[in-house]
Amino acid sequence: MRQCVESSPIQSYEQQWFESILNLIPEHLQSTPAMTETIRELFEEVQRDYHQSIKKSMVQHVLVKPEGIKGLENDTTGGPPEEPTFLESLAQRVPGECRVHQIKPPHHPSVHPEDPRDLSRVLMPLLMLDLSGLRAQGPVDCERLKNDVILDCEKLEEKLMHSWFREVLHVILQESAPVGADKADSFYGSLATLISNQLKDFITRSIEAWVTLFNPEDKMYLPVFKMELTYDNDKMEFYPYYSDLEECLLFMVKQLTKTMQSVPTVQSWLSSTNESRYIDVTIAKHIIEESNRKLKEACRLNFEGPQAHLQSYIDKYQHLCNGEEEEKVKQFLQEEHNFEEYCKYIGEFRDLVQEILSQDSIIHFDMIWLDCEDLKRGLAEKTRGYTNMLLDKVAEEHRAENESICNDFEYMKERALKSPEGTEEMMDMISYVEKARIEGIKMLGDRISESKRRMNYLLDVYFFTSEHIELNRTVLLWPGKIAPVFEQNDELVETSKRKGESELLEKREKVMLELEKIRKRAAEFAEYGELDMMVQYVNDVRAVQKRLGDAQEAINYINKEEKLFKWDATDYPEVNEITTAIEPYQKLFGLVVKWQRAERRWMDGSFVELDSESIEGEADEYWREIYKITKTFNAQKKKEEAERAKNAPAKKKKGDDEVKEPEEKKEELASLKVCNTVSEQIKEFKVRHCEGGAGKGRGLLQLHKGEIGGET
């Protein structure tokens, strides 16, 4: 029967029960690998105990153990146990060593603890922060002190919760009389008040101990804080700032008031619910305000010395930081000053750097250990910056002057050794070298002497780069390198004279050959008669004109060279002849292209933009121009015929006349046919579309529509 009852279905352990257990474990312990495995084993043990308890309870409620049966003496089967009283239930919720049923009854019947010293015997000798030995440790950094205080408070709070709070629970549960249900709230309220008072007193004593360290009458334990005078972004200031120092002092009070704020009430700690209630440990506002006031006043008094020291730096060197000195230096650089004036100004800055660096690096005050090294270094660097601005200017001018000297020598060498490309260059070179031998060398020697003086000064105060050093060396060596150059120049002049005369003769022959080619190319224009090729004809004419222009430039150069060599100037009448010959063709081809484009614009463009009177005027202008060109070609034809008749022999063979006549006719048609054709096109356009008085517009419209319809 027992096995049958135990095998009955049992309600499973609900998930929310597991969650309730898990909520009792701090979150930072749940995520560690070791605790994860421990929690899993705990849940298995709880579930196992739960099943065993349910089975035992079912057996006790269903079965009754018979009396007198041998073998069942130790069997637990029987009726259910009686319901526990309030205090017994409370005892089951606390650890075994603190259960209420183990408390020995006191000698008095009161349920309230009468001696608070039982609860505070652990806290009485303690301070949450005992920083009386802070001064002996030497200068301390504000941020580091704050971090240390945070860690110390957290460690102390954790230590008290594991020692003092457990002892408090032990005192309450072991040495207090049993409490009835009707007085439980009063009992736990009294406990909360007692614990709250003890914790407040504990924190208040710690705050007062911290404030006492800053007593102006007794500076034996006054902490020493590490501060620096810094130079950043052209500002002289403290680091950390005064506000940071003051905030550090007040931070201790703030951190102390934040400690021990999570101490649960005894009733909440003994309760199995998830709701937590904490002891009120709020420090009175007037205590905090008075402590902060004293700390601020102490900070202000102890900061007067460092502030005065900073002010002394500001009074002496503010002009270096506020832009005043920078403006003076920039103004000096913009003005014209000689080398001696630069040296004097640079010397003033160098003396100022020595003065700054001679100041004390560490200044000791009652509460502040002041490090001035950063400020000294910053001011010195700022002053060196002005010095470097001046030195850079001097070095830049020195470098520029050296480069100019080298460039002058290089130019002198280049001019003396460069083979002249023409007679004019040769004559200029001869004149330049003669002047350089006398005046140029003397002037460059004086400049080199001045460069030596600047270089000797800069070697002591300025760091030359390797390139700059090489430049200085080059300047000093140039006078010895220029003498052989002049000797080579004499030989070069003689060679250039002979070469120039030979090249001039060759250029004469080349120009004559080029003019002959251009003449033949221009003669081909007489055969151009295709209206569709007019744009190409225009380009051909332009190409011939360009070649003719190049030939003219060559002729001008030849005449110039002949003058330098004192030869007679050569005349080239072929240039004018070719220019006169191609001019009519240029006008003809260009006019035909313009006419063709205008006709397409009138016929294919927008009708709204057409103006009949304007079109008629343009057409008349094109006709007059083509008429003039036609007359020009006719006159040219007559002139050529007259010349041929004049130069022809008295009697010609009939066969020769028959051969030449078609060629002359063909030539005439090639040039005049275009003129006649275009002239007829213009006349036809005017008759069809521009004449007719009031019907001009309608004629253009009909033509425009007809053209468009034809295209479609």
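With a simple spin-label model that places each label point 7 Å from the Cα along the Cα-to-Cβ direction, the separation between Asn233 and Asp201 comes to 5.2 nm. Put simply, when 497-507, 138-148 are sorted by average Cβ atoms within 10 angstrom per residue, most first, you get 138-148, 497-507. Between the stretch 325-400 and the stretch 509-566, the C-alpha centres lie 72 angstrom from each other.
Positive-end ranking of Leu301, Ala380, Gln334 along the dipole of the stretch 296-396, with charges on Cβ about the Cα centre, is headed by Leu301. Between Lys219 and Glu401, the FRET efficiency estimated from the beta carbon spacing at R0 = 51 angstrom works out to 0.20. Computed about the Cα centre, the dipole magnitude for the stretch 385-536 is approximately 500 debye when only Lys and Arg (+1) and Asp and Glu (-1) carry charge, each at its Cβ. Put in order of Cβ neighbour count within 10 Å, fewest first, the listed residues Cys343, Cys372 become Cys343, Cys372. Structure note, pairs Lys637/Lys683; Lys646/Lys673; Lys628/Lys683; Lys254/Lys294; Lys546/Lys587: Cα-Cα distances above 22 angstrom occur for Lys637/Lys683; Lys646/Lys673. Database remark: amide H of Glu237 closer than 5 angstrom to the amide H of Thr230, Asp232 (H placed geometrically; neighbours at sequence offset of 5 or more, or on other chains; Pro and chain starts carry no H). Under a 5 Å amide H cut-off, with hydrogens placed 1.01 Å from N, Ile368 pairs with Phe225 among residues at least 5 apart or on other chains.
In this simple spin-label model, placing a label point 7 Å from the Cα along the Cα-to-Cβ direction at both Lys296 and His319 gives a separation of 3.9 nm. Distance from the C-alpha centroid of the stretch 455-491 to that of the stretch 202-268: 68 Å, rounded to the whole angstrom. Which part of the stretch 196-235 falls in the paramagnetic zone of Asp374, meaning amide N under 18 Å from the point 7 Å along Cα-to-beta-carbon? Correct set: 225-235.
Working note: Cα gyration tensor of the stretch 323-577, eigenvalues times five, square-rooted, sorted largest first, giving semi-axes of 68, 30, 13 Å. Taken about its Cα centre, the stretch 323-577 carries a charge dipole of about 820 debye when Lys and Arg each add +1 at the Cβ and Asp and Glu each add -1 at the Cβ. Taken over the stretch 491-590, the alpha-carbon convex hull comes to 90 cubic angstrom per residue. At q = 0.11, 0.12, 0.14 Å⁻¹, what is the base-10 log of I(q)/I(0) for the stretch 415-527 according to the Debye formula with one equal point scatterer per Cα and no solvent? Please give it to two decimals. For the requested q values the scattering log ratios are -0.62, -0.67, -0.77.
For the stretch 161-294, dividing the convex hull volume of the Cα atoms by the residue count gives 181 Å³ per residue.
Residue-wise HN-Hα couplings along the stretch 682-688, as the Karplus relation 6.51 cos²θ - 1.76 cosθ + 1.60 with θ = phi - 60° gives them from phi, are 5, 4, 4, 4, 5, 5, 7 Hz; Gly and Pro carry x.
Values quoted throughout were computed directly from the atomic coordinates according to the rules given, and no laboratory measurement underlies them. Model, not experiment: these values are computed from the prediction. Because the Cβ atoms are built from the backbone with ideal geometry, glycine has one as well, and the counts that use them run over all protein chains shown.
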